[in-house]
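Below is one structure, written out as structure tokens; the observations come after it.
The values are calculated or read from the model by the stated rules, or taken from the named source; none is laboratory data. Fair warning: this is a prediction, and the values are worked out from it, not measured in the lab. Here the Cβ positions follow ideal geometry from the backbone for every residue, glycine too, while neighbour counts run over all protein chains shown. Quick note on the areas: whole protein, heavy atoms, side chains included, nothing else; ligands and nucleic acids left out. Shrake-Rupley method; radii C 1.70, N 1.55, O 1.52, S 1.80 Å.
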Amino acid sequence: MPPEEHTEAKPIKTDDYRVTPGKAVDLKDFATRYEGDMDRDEAEARFEGLVRRLQRLQELLYADGSRAVLVVLQAMDAGGKDSTIRKVFGPLNPQGCRVTGFKRPSTLELSHDYLWRIHAAAPRKGSIAVFNRSHYEDVLVVRVKGIVEKDVWKRRYDHINDFERLLADEGTAVVKFFLHISKDYQKQRLQRRLDIPEKNWKFEVGDLAERARWADYQRAFEDALGRCSTDHAPWYVVPAERRWFRNLLIASVMVRTLESLGLRYPRADFDPSDIRID
Ligand code: ATP
Ligand code: MG
């Protein structure tokens, strides 16, 4: 692509949001709300540019055909996974981007190991898969609610790292986003689902029981992020309370991830100037 398209006025320092591999995570060290000096108009204008770039990179990913991208989205309830998917991934070509939501496992899914349904939804070469929730639920909700014993969920961090290593070794770039919000912000967002009649359907009384275990969930997230952020499958902690910044940061990481893959258009096995179309 033309080099001038690489010039970004002030590139977002995406590394500031990346969890350092091997480092323990304290979520209190990570902002839930962007407080830098960029304003919304500027962020939205830059976001538009990144989306266009992402669209072209997606086509290149398909043309190249040797690599794939897996995007994992995790958040507390009302953390903004749905709107992230709509805003950041909505503009992509649906032929090469598949979103899979992972809900409570079905009887069939429960009769297999917990990565079975996950692996089946991994992206094929040339495409992008977005996971709305993921295998991380098996060390989050499953741990907090005690659905399996501690000795069972404890060994899953190693399984997960090995699984993501397998995907990476076989050509899939894995990138993971935790949409970080405060407990107060979650309250506002849940209240909104009560106040706006068209949003009532999104409110689940059961979410309040999860909210009551906020601290347990934060601890479970800290372990998942700290133990499973690797060079080949990094976690990003996204300040998610200003959605325009959230979108900009995720789009920036996506562009960088795709640009790092060394994608190439396949060389034609003919000389185009030899061919005449009558
Ligand atoms: P929204 O935020 O819009 O409500 P959602 O992602 O919460 O969307 P729901 O259908 O409300 O979608 O919730 C899916 C539920 O499935 C969550 O409560 C999640 O914790 C649960 N879940 C996902 N994976 C597992 C798993 N492996 N074991 C147990 N529960 C799981
Ligand atoms: Mg829900």
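Counting every C-alpha pair in the range 58-194, the share spaced more than 20 angstrom apart comes to 53%. Sequence-ordered 3J(HN,Hα) estimates for the range 102-114 from the Karplus curve with 6.51, -1.76 and 1.60 and θ = phi - 60° stand at 10, 9, 3, x, 6, 4, 4, 4, 5, 7, 10, 5, 5 Hz, glycine and proline given as x.
If I take R0 = 41 Å and measure r between the Cβ atoms of residue 111 and residue 231 in this structure, what FRET efficiency does the formula 1/(1 + (r/R0)^6) give, to the nearest 0.05? Provide the component values of the computation, followed by the final result.
Values: r = 34 Å, r/R0 = 0.84.
Using R0 = 41 Å, I get an efficiency of 0.75.
Which peptide among 32-43, 90-101, 58-69, 261-272 comes first, and what is the full order, when sorted by highest mean count of other Cβ atoms within 10 Å? It would help to have the intermediate numbers written out before the result.
Numbers: 32-43: 13.5, 90-101: 15.2, 58-69: 18.3, 261-272: 9.3.
By packing density, highest mean first, the sequence is 58-69, 90-101, 32-43, 261-272.
Need the C-alpha centroid separation for the range 162-194 versus the range 94-128, integer Å. The range 162-194 and the range 94-128 have Cα centres separated by 16 Å. The trypsin sites (Lys or Arg not before Pro) of the range 105-189 that meet both conditions, a loop assignment by DSSP and at most 15 other Cβ atoms within 10 Å of the site Cβ, are 124, 125, 145, 155.
Calculate how many DSSP beta bridges within the chain are antiparallel, expressed in % of all such bridges and rounded to the nearest 5. Show your work: numbers first, answer last.
Working: 1 of 24 bridges.
If I count the DSSP bridges inside the chain, around 5 percent turn out antiparallel.
Take the chain with all the other protein chains still there, run a 1.4 Å probe, and you get 55 Å² of accessible area per residue.
In the chain the Cα-Cα distances spread across 5 Å bins starting at 0 as 1, 5, 12, 15, 18, 17, 13, 9, 5, 2, 1, 1, 1, 0, 0 percent of all pairs. Cross-link partners of residue 176 among aspartates and glutamates, defined as those whose alpha carbon lies under 12 angstrom from its own and excluding same-chain residues fewer than eight positions apart: 164, 231.
What is the Cα centroid distance between the range 13-36 and the range 200-228, reported in whole angstrom? Between the Cα centres of the range 13-36 and the range 200-228 lies a distance of 18 Å.
Residue separation of residue 271 and residue 26 scaled by 0.36 nm, minus their Cα-Cα distance, works out to 82.5 nm of gained length. Toward the positive end of the charge dipole of the chain, with +1 on the Cβ of Lys and Arg and -1 on the Cβ of Asp and Glu, the farthest Cα among 27, 107, 38 is that of 107.
Against the chain, whose longest principal axis is taken from its Cα atoms, helix 243-259 shows a tilt of about 50°. Karplus-based coupling profile of the range 122-134, in residue order and whole Hz: 5, x, 7, 4, x, 10, 10, 10, 10, 9, 8, 6, 6, with θ = phi - 60° in 6.51 cos²θ - 1.76 cosθ + 1.60 and x standing for Gly or Pro. Highest GNM mean-square fluctuation among 200, 247, 161, for the chain modelled with Cα contacts below 10 Å: 200. Highest GNM mean-square fluctuation among 112, 159, 180, for the chain modelled with Cα contacts below 10 Å: 112.
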